[in-house]
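A.B. asks: Quick one: the structure is below, and I'll ask about it shortly.
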């Protein structure tokens, strides 16, 4: 069987109807059982959220806010829809941010990514993701078992012992970061130990850089990248087409302008915002803080869901200027105040005396008078409480990299 299930090749319109029917149930569930969302979505009527335009009007909850939100309401800020006593596990990511795991098979949905990477029933998986504090080890462990794959829970570190274990047990599949697999291969070479049983790899947790991808291919290892978070589980995964990542069937993904909840056009880089249909942890418009972009068209692998380019950096571009924080949302306030501005980027630099300097570069469709630039400067000062220069640029001038604030100051 080429696909994990029939959902992957659904007609896109059928998928969209199914997702938004499920979203109505999820919104009802969140409002009834998760106190945080009951408050946040108090005025929202679930039956009216029938499409992406309606979804885009709901507020975004950002991962960067979870530390403070959870401090105010332990352990999960009132975002879970079941009591703590019904969970299977609780994890802690740096921050700390506490993450729940429901007691169910393949809770995070990673099995779909492993299947796309070629993992099949009966194949031994050498899992090097950590089982300590953070959930990655269990995310891939439970997924492998859901496919019928036995797992060796290697975790991180102890490279010599891991190499020897691979040589003894001869696993076919590897799960972990791509850089650690490279380390294991190099250690095996140093030890003159054969670990060529490894033929498939599902990697995540960091960028899968071309040199590492090429190294694995030269060793006969077919590596596939997946993208997910401890909060959401699987978001997107690589397939044999090698053209971006296909979005998981259990989430609704949007790309929005950083600092806002406004969707960007196809191909434009922005923040990944995900709504999960997992009932136990009903995250609605969850801003991951990661940058990506939607790819046009369908994947050559015949899966019909949306595709993203993959991880392209961080969206949280908040910076401090003259002792005051400046946020992407403040730049968005300036843009929305002046309809002539198509896109904007705030550059923070130093002058000759190492003083902070703000320059707002604004794309405009037609040449504008100096008075317009002066008006935008005044709006910038109102929004940030700081003075800055405004430079008007022709449409299409600014790079498509998702940056709203660029800090180019050097401190050496």
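A.B. asks: Taking the range 266-299, which residues are assigned to a strand (DSSP E or B), over 12 Å from the mean Cα position of the chain (by Cα) and under 22 Å from residue 317 (Cβ atoms)?
C.D. replies: Passing the criteria: only 294.
A.B. asks: Turning to a different aspect of this structure: Kindly check whether there is at least one residue in the range 146-162 that is in a loop (DSSP other than H, G, I, E, B) and crowded, with 22+ Cβ neighbours inside 10 Å.
C.D. replies: Scanning the range 146-162 turns up at least one residue that is in a loop (DSSP other than H, G, I, E, B) and crowded, with 22+ Cβ neighbours inside 10 Å.
A.B. asks: Please enumerate the residues belonging to the range 209-249 that are outside any strand (DSSP E or B) and touching a residue at least 40 places away in the same chain (Cβ under 8 Å).
C.D. replies: 221, 230, 231, 232, 238, 239, 240, 241, 243, 244, 248, 249
A.B. asks: Now a separate question. Quick check on my filter: what residues within the range 300-337 are part of a loop (DSSP other than H, G, I, E, B), more than 22 Å from the chain's Cα centre (by Cα) and under 27 Å from residue 350 (Cβ atoms)?
C.D. replies: 322, 323
A.B. asks: Looking for something outside any loop (DSSP other than H, G, I, E, B), in contact with a strand residue (DSSP E or B) (Cβ under 8 Å, 6 or more places away or on another chain), surrounded by fewer than 23 Cβ atoms within 10 Å (Cβ to Cβ) and at negative phi - is there at least one such residue anywhere in the range 119-126?
C.D. replies: Taking every residue of the range 119-126 in turn, none turns out to be outside any loop (DSSP other than H, G, I, E, B), in contact with a strand residue (DSSP E or B) (Cβ under 8 Å, 6 or more places away or on another chain), surrounded by fewer than 23 Cβ atoms within 10 Å (Cβ to Cβ) and at negative phi.
A.B. asks: May I pose another question? Where the second residue is assigned to a helix (DSSP H, G or I) and buried (at least 16 other Cβ atoms within 10 Å of the Cβ) and the first is in contact (Cβ under 8 Å) with a residue 24 or more places away in the chain and lies in the range 64-77, which pairs have Cβ atoms under 7 Å and are six or more apart or on separate chains?
C.D. replies: 76/70; 77/36; 77/66; 77/69; 77/70
A.B. asks: Please enumerate the residues belonging to the range 165-193 that are over 17 Å from residue 125 (Cα atoms), in contact (Cβ under 8 Å) with a residue 24 or more places away in the chain and either within 27 Å of the chain's Cα centre (by Cα) or assigned to a loop (DSSP other than H, G, I, E, B) (or both).
C.D. replies: 179, 183, 193
A.B. asks: Right, here's the next one. If a residue must be touching a strand residue (DSSP E or B) at 6+ places or on another chain (Cβ under 9 Å) and more than 22 Å from residue 139 (Cβ to Cβ), how many such residues does the range 214-240 contain?
C.D. replies: Adding up the residues that qualify gives 2.
None of the figures in this text is laboratory data; all of them are computed from the coordinates on show. Everything numeric in this text was worked out from a predicted model, so none of it was measured. All Cβ positions, glycine included, derive from the backbone under ideal geometry; neighbour counts span all protein chains shown.
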